[in-house]
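Asks: My questions will all concern the structure given below.
The values are calculated or read from the model by the stated rules, or taken from the named source; none is laboratory data. Remember, predicted model here, so these are calculated numbers, not experimental data. Counting neighbours? That spans all protein chains shown, and the Cβs are built from the backbone with ideal geometry, glycine included.
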Amino acid sequence: MNIKYLLLFLLFLSCLVLRANSLDQIRGGIEFDFANPALEEISGQNWFQVDILARSTGASQGMGSGLLLVNYNSSAFGINAFSTGNAAVIPGELLTTGVFPFYNLICADHSSRRLAITYEYMFMGGYGNVLTPQYHVLATIRLRVLNALGNSGLSFENALMQDNQFLDDNFNLFAPVLTGSPLLFPLSNTPQNLCLYAQGDILRLTWDHIPYCTYNVYSTQNPNVESWQLIASNLSNNYWELPSAERGFFRVTAHYPDTTILQGGSRCD
C-alpha cells in the first residue's frame, strides 16, 4: 500500500514538472513604455496626454488581464488625480480591436501620486487580442495641468506590476514585466521671461530654461504677416546672440523629442 501511494506521489510530481516545463515554454515577457506625449487645450483647460504602449518580448501571445501602476508629478497634476476629476484613461487599439475585444478598463487612485489602471479580459481563453513583439497602444492617459512650472514626472511602478500581467487564459503570466524610462515632459506653455540685453555690439536674447528641450529662434520685421525666418535651430542653451544692428521681432520655440510644443515671443526695436 505504501509503495502504491509512493508511486502515485511520484507520478503527481512528474506531472507538475512537465506542467512547469510547458509553462516555461509558453511564458514570455511583456514590456510597457510611454509614447507621443503632448499638451492639449480642452474647453479652455490645459491637459497633458500620453500613450501607454505594450508589446511581447517573446512570441506573439493572447493578452489577458493586467495592472498598470503609473506614478505622476503631483505638483503638476495634484494629488488623487482620478478621484478629483483631473485624470482620465482611454482604451487603445489593444483593448478595442480584434475579433472578440472583451476588455474592461478600470482606473483608480492607487495612492495620492499614482494611478492604478486595470485592463480586465472577460472572455474565454484563446480569444484575447494578440500581443506581438511590435509596440501597440494599450491606453491613453490624460492629466489636467494644474501647475505648468514643471514636468510630467511619469514612471511605472515596476516592482508592483510583476505577477500582474496575464495571458488570455487569465492563469499563466507574462514574465518578466519590463518598463521604459521615466517621462519628464515639460508642461510650460511658453518659454518664460524672454529678455534682450545689449552687450557692446552684441544683443543677447535669453529665456527661462525648460528641461530636456532644445530651441529654435525666429525673427521678422512684421509679426502680423506670418513671415518668420529661422535664424537659429537646435540650441541647447537658453540664449542666442546676434549683432546689435539687428532690429525686429523675435520668437523662440521649444522642442521635446522632435515635436514643437511651446513658443514665446519678444521684440527688439
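Asks: What about Tyr215, is it over 23 Å from Val50 (Cβ atoms), among the hydroxyl-bearing types (Ser, Thr, Tyr) and modelled with pLDDT of 85 or more?
Replies: So Tyr215 does not fit the description; no.
Asks: Then there's this: Residue by residue through the stretch 197-216, note down the ones that are more than 30 Å from Ser181 (Cα to Cα) and either among the basic types (Lys, Arg) or in contact with a strand residue (DSSP E or B) (Cβ under 9 Å, 6 or more places away or on another chain) (or both).
Replies: Passing the criteria: Tyr197, Ala198, Gln199, Asp201, Ile202, Leu203, Arg204, Leu205, Thr206.
Asks: Are any residues in the stretch 206-231 closer than 27 Å to Ser152 by Cβ and among the aliphatic types (A, V, I, L, M), and if so, which ones?
Replies: Selection gives Ile210, Val217.
Asks: I would also like to ask the following. Quick one: which of Asn46, Asn36 is at pLDDT 85 or above, assigned to a strand (DSSP E or B), out of contact with any Lys or Arg (no Cβ under 8 Å at 6 or more places or on another chain) and closer than 24 Å to Gly78 by Cα?
Replies: Asn36
Asks: Sticking with this one: Say we look at the stretch 86-117 and pick out the residues that are closer than 23 Å to Ala59 by Cα and under 18 Å from the mean Cα position of the chain (by Cα); which of these is surrounded by the fewest Cβ atoms within 10 Å (Cβ to Cβ)?
Replies: Per the stated criteria, the residue is Glu93.
Asks: Here's something else I'd like to know. Among (1) over 28 Å from Thr132 (Cβ atoms); (2) touching a helix residue (DSSP H, G or I) at 6+ places or on another chain (Cβ under 9 Å), where does Ser74 come up short?
Replies: Going through the list (1) over 28 Å from Thr132 (Cβ atoms); (2) touching a helix residue (DSSP H, G or I) at 6+ places or on another chain (Cβ under 9 Å), Ser74 breaks only (2).
Asks: So which strands (runs of 3 or more DSSP E) stay within the stretch 59-161 end to end and still have 3 or more residues that are in contact (Cβ under 8 Å) with a residue 12 or more places away in the chain and of a type in the set (Ser, Thr, Tyr)?
Replies: 114-121
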